[in-house]
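What follows is a single structure, written as structure tokens, with notes after it.
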Amino acid sequence: MSSIYRKGRDGYYYYQTYIYNPETKKKDKRIFHSLSTKDPIEAETKQNELDIQYEKQNDIKSNSSKRSYNFKLKSTIAIIVGIIAITTLLVQYFSPNTVKQNNRPTIIEQSDIIIEDKIDVIPKVAVPVKPIINEQINSKIEKIPDVIKTTPEPEVAEPKVIIPKYTVERVEKLSDAFKQGKVYVTIDKNSSNDSQRLLCENLTKRYSEFSNIVICLYANNRAGKELARGNDEAVSVEEQKRSWLAMYTYNSVEGEYFDDNPSGYLGIY
């Protein structure tokens with residue numbers, strides 16, 4: 001279920017929803033988007049488009065999970081059937097010998113003496129044969145797991161998210177009464193979104209005197225440094241779009257918000 005809301009400080013509408021999380025197998029992964037519009041009708045239209053897009057993604061990931069489960073189930077059934085078939089063949093292979101030996105008493109019907117002799121002889125021959133057959137069957141069955149044993153898939157370790165190297169270029173205190181402030185930082189342009197967000201959370205704790213904080217991350221190049229120091233006139237619009245990497249906000253009422261494509265805010269902050 002998605003929702004849109006309007007932020008009071010800039011008047012723009014924002015979109016949020018929950019999508020399928022492959023780690024928890026549930027729809028608990030939260031997604032944020034700036035709709036870049038102040039028109040409620042246009043915001044609702046964009047909401048419907050994003051809903052359709054994320055519903056397709058959820059269906060694809062859910063079906064993929066079901067196919068993986070069915071494949072594992074079929075593999076397990078195939079292994080069990082194979083064990084049963086091999087065991088049956090081994091038992092049938094050794095069973096004729098015991099049948100022949102058990103049929104021998106049928107020829108002793110001539111006299112009482114012959115019957116007694118046969119009765120004495122038959123156990124001596126048949127008794128040691130059965131343990132040998134059982135030992136042979138057991139040895140064959142014990143070797144079966146070596147044939148059907150599968151190699152476990154190696155576990156893939158997830159890369160650890162670390163805070164990238166950064167430089168705090170400027171800090172602005174907007175209001176003492178409301179404890180508002182802005183922090184302007186330059187970082188490596190190739191750093192990941194997860195590491196950028198982790199950096200913003202760390203800076204929020206570092207500047208805990210601001211209960212309402214805005215953090216802007218810029219590329220560690222000439223244009224990014226000029227923007228972080230407030231020299232917007234020295235940088236073209238295209239350079240600003242390439243060099244402004246992310247924006248993070250936090251306050252106790254609305255919580256945190258991270259935008260990895262903040263170029264739509266140019267001219268507002």
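Since every read-out is calculated from the coordinates, none of them should be taken as a lab result. What you see is a predicted model; the values in this text were computed from it and never measured. Here the Cβ positions follow ideal geometry from the backbone for every residue, glycine too, while neighbour counts run over all protein chains shown.
As a footprinting exposure proxy, order Ile215, Ile19, Ile84 by other Cβ within 10 Å, with the fewest listed first.
Ile84, Ile19, Ile215
Set the Förster distance to 30 Å, then compute FRET efficiency between Val171 and Ser36 from the Cβ-Cβ distance, nearest 0.05.
Once the sixth-power term is evaluated, E becomes 0.60.
Rank these for me by crowding, Tyr18, Tyr166, Tyr248, going from fewest to most other beta carbons within 10 Å.
Tyr18, Tyr166, Tyr248
Rounded to the nearest 0.05, what FRET efficiency do Ser195 and Ala78 give with R0 = 51 Å and r taken as the Cβ-Cβ distance? Could you check?
0.70
Please list, ordered by chain and number, the residues whose modelled amide H lies under 5 Å from the amide H of Glu169; skip anything fewer than 5 residues away on the same chain.
Sorted by chain and number, the residues that satisfy this are Tyr184, Val185, Thr186.
Pairs of lysines 8 or more apart, or on different chains, with alpha carbons under 19 Å: count those in the range 166-265, would you?
The result is 8.
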